[in-house]
1. Below 8 Å, C-alpha to C-alpha, sequence gap of six or more: please give me the relative contact order for segment B:338-423 in percent.
2. Just the number: Rg to Rh for the protein assembly as shown, Cα atoms, Kirkwood Rh, two decimals.
3. For segment B:338-404 and segment B:212-280, write down the distance between their C-alpha centroids in whole Å.
4. Would you pull out the residues with amide H under 5 Å of B:Met70's amide H, same chain only if 5 or more places away, H placed 1.01 Å from N?
5. Just need log10 I(q)/I(0) for segment A:25-177 at q = 0.13 Å⁻¹, Debye formula, equal scatterers on the alpha-carbon atoms, no solvent, rounded to two decimals.
6. Can you show me the helix-derived [θ] at 222 nm for chain B, built from DSSP H runs with n ≥ 4 at -39,500 (n - 2.57) apiece and divided by the number of residues, rounded to the nearest 500.
7. Mean shadow of segment B:281-388, computed from the convex hull of its alpha carbons, in nm²?
8. To check you understand DSSP bridge types, tell me what percent of the beta bridges within the protein assembly as shown (both residues inside) are antiparallel, rounded to 5.
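The values are calculated or read from the model by the stated rules, or taken from the named source; none is laboratory data. What you see is a predicted model; the values in this text were computed from it and never measured. Note that each Cβ is placed from the backbone with ideal geometry, even for glycine, and that neighbours are counted across all protein chains shown. Areas reflect the complete protein model, heavy atoms only, side chains present, ligands, DNA and RNA absent. Shrake-Rupley method; radii C 1.70, N 1.55, O 1.52, S 1.80 Å.
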Amino acid sequence: MIKLFSVKEKQKKEAAAANGLSKAVKQSAGELRLQKDISELNLGKGVSLTFPEGKDKLLTFEITIRPDEGTYKSGAFTFSFNISTSYPHDAPKVKCKTKVYHPNIDLEGNVCLNILREDWKPVLSINSVIYGLQFLFLDPNPEDPLNKEAAEMLQSNPRQFEHSVQMAIMRGSSIGTSYFPPCRG
Amino acid sequence: MDEDERWRDLDMLLMRPGNITGPGFDPGPECRECLRDQVHVLCVGAGGLGCELLKDLALSGFGQIDVIDMDTIDVSNLNRQFLFRMKDVGKPKAEVAAERVMARVAGVAVTPHFCRIEDKPLDFYEQFHVIILGLDSLEARRFMNQVACSFLEFDAEGKPDLASVKPVVDGGTEGFKGHARVILPGVTPCFDCTLWLFPPQTKFPLCTLAETPRSPAHCIEYAHLIQWYAERPGEAFDADTEEHLRWVFEKAAARAAHYGIQGVTWQLTGGVVKNIIPAIASTNAIIAAACTLEALKLVTMCSSGLNNYLMYVGTEGVYTHTVAYERDAACPMCSAGVPFRVRPSDTLQQVLDALVADKALGAKLSAPSVSYGAENLYMRGPLEEATRSNLARAIGELVDGDGSVVQVNDRGLAAPLRVKLCFVDSMER
């Protein structure tokens, strides 16, 4: 079998050289799958996406969500997405770059969304993650908080919570011990 | 020891005909010479499996071996990575392993490569007749699979060109369990054909880590994922830096004490953060032996090879089971691509229209997007505007030439569809 390999290989190389085609390592399956996800992305109203490294570098991008109703109305919240080459076996790594007072987002930008961790499945897509993030702004969940202070205020005094969040979005303000810069979108 | 005495056991396999030999097996002394002088094998990884593999390959008569590994030797490796000694701690695994094997086995040339597998060009991998993997991550395996599949070519009927098949033997161990598999891209399933074999890693919800930790692993993950970024902002966490791991361990221990949780240990911290499962030396030895034997069969055909996946469970005895997994006909890595005739002068828009109008392909396509390698030629969705100008360009300018394979995406397709563009004269089609 080895003899067969080597003879044919030689012919092959000569043929390839004549062809002038040089080979490169294929793309990872993760990148291929991401092409599918991005080409089928249906960004609804209030969602925008940018590729800082250009249209052919899909593994890092930013999504900005501008809720048009609810507590976070009028704000603009940017999330960085980092996709590994093992996508979709591994979930996208998502961080919130905008400082926000939210029960499920901490001050370092960690996001507590089940489909980003324990409930991630390869059939989910970038679209599902964006829906999940939009949902976090429409229905913040104080039951399983990442920012405990925010969760407690939302539970004990929802009106004050909404007011504080709106103040922070519009003009920037301190809530508790932290300052939240304005993020009007 | 004279040469014949030395290779007595190998000669049992290579000098005698038999009923279960592979196609084209030609017993005789040339087999051994070929193995020593002509066959070039690459061992990827010089860790627990890698040490066993290198020893097995050298003792099985492989004369030219290359080994690639990006790691240096740690003191915790020494219990099973038997090519290394205390004085080697801190040195590159590949270099020490190569030196040791050559010192112990006469007549074998082992060439070390102390670098990442991604740092080597495709040409480097092309020179090897067989690539044998002793890796510990899915990511590295998928990369090597990508490399092997990059050589693959198909003939006009969509049959794999055997000269372009780069055989890969993959070994893997986890505690008392292991696997050995033979991947002949285009012939047997590649890694991505059977990706579902790998279970997802267990991940804890962030809010549990933050608010309701119940186990020592929860405390360690909290220190690793949340406290690190909060208390050492801007600093990248590196699990291989002892000070970083020590920091996580101390923070986790403090948190565990606060919640009255027992069991945060230094070892568990490493285990959780690096996702380590204790390595068992005997499992490595068994799996490496199975892999080496498959490599020997592939290059000599002294026996028909493993078809195509062997699992081993050593928890209650020595249990093995062999399964013939099947290829995924639409695998994005190793499938042939559906041939599709185009004129090089056709614009991308004309090609897209022709795809949708095609009797077979068109059934699943309504609004296709097309990429060529990493280059997105035309994308629906948010990149539509950025790629629209390509629609008016000739396909012959956008791809490398006849036989180029593009990926077509469409909501009607479950996975990217590989389409092989066959260039025809402007008169036909």
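1. Working: 144 pairs, mean separation 33.6, N = 86.
RCO, segment B:338-423: 39 percent.
2. Numbers: Rg = 27.8 Å, Rh = 27.4 Å.
With Rh from the inverse mean 1/r over Cα pairs, Rg/Rh is 1.02.
3. Using only Cα atoms to place each centre, the spacing works out to 49 Å.
4. Placed amide hydrogens put B:Cys115 under 5 Å from B:Met70.
5. The calculated log intensity ratios at q = 0.13 Å⁻¹ are -0.61.
6. Numbers: 16 runs with 144 residues, N = 429.
About -9500 deg cm²/dmol.
7. Details: hull surface 50.8 nm².
Mean orientational projected area (segment B:281-388, Cα hull): 12.7 nm².
8. On the way: 50 of 74 bridges.
Within the protein assembly as shown, antiparallel bridges account for around 70 percent of the total.
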